[in-house]
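The values are calculated or read from the model by the stated rules, or taken from the named source; none is laboratory data. Source: prediction; values computed, not measured. Ideal geometry is used to build each Cβ from the backbone, glycine not excepted, and the neighbour counts take in all protein chains shown.
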Ligand SMILES: [Cu+2]
């Protein structure tokens, strides 16, 4: 499994000031625009509200001619990491459910966006604050493992 490069990390402090684009790349996969919402969230059937959960959104581009799959990752210090899909249930209530993996189409892209797929951090021991940058590791079945900087926002 190849290791990806973390793009733009050297320029981190500059990026924090001017908001330049940061990304991670491995093989034919590029992950960009990763950000996290630090806030209390209702979660699943239990409807528990906890500030120690956070959702991460990002964009994945696949320049290869073979589909790939993003699978859930374990991340040190970030609690339990799951891939979630937001959906409307039979009672018109918005809920999130874990999914095993997400296909990244060949020569295409997949977006993890509000109201859709996202990566969920559950029971984060030290929840990041707006302005923080966390490093998230993602695994793509074909292309390998990549780390990407995630900007924590409050909205
Ligand atoms: Cu979720």
Exercise. Before we move on, is residue 102 under 29 Å from residue 88 (Cβ atoms) and either surrounded by 15 or more Cβ atoms within 10 Å (Cβ to Cβ) or modelled with pLDDT under 95 (or both)?
Worked result: yes
For this session: For residue 112, indicate whether it is surrounded by 20 or more Cβ atoms within 10 Å (Cβ to Cβ) and either free of Cβ contacts under 8 Å to residues at least 60 places away in the same chain or closer than 20 Å to residue 33 by Cα (or both).
Result: yes
Problem set entry | Residue within region 10-17 that is at pLDDT below 90, surrounded by 15 or more Cβ atoms within 10 Å (Cβ to Cβ) and out of contact with any strand residue (DSSP E or B) (no Cβ under 6 Å at 6 or more places or on another chain) present | yes
Exercise. For region 69-81, does any single residue satisfy the condition of being at pLDDT 90 or above, more than 14 Å from the ligand (Cβ to nearest atom) and either under 22 Å from residue 28 (Cβ atoms) or in a strand (DSSP E or B) (or both)?
Worked result: yes
For this session: Return yes when residue 65 is exposed (fewer than 13 other Cβ atoms within 10 Å of the Cβ), within 14 Å of the ligand (Cβ to nearest atom) and over 18 Å from residue 24 (Cβ atoms) and no when it is not.
Result: no
Problem set entry | Matching entry among 119, 139, 88 (being more than 16 Å from the ligand (Cβ to nearest atom) and in contact with a strand residue (DSSP E or B) (Cβ under 7 Å, 6 or more places away or on another chain)) | 139
Problem set entry | Residues that are closer than 19 Å to residue 23 by Cα and within 11 Å of the ligand (Cβ to nearest atom), drawn from region 93-113 | 112
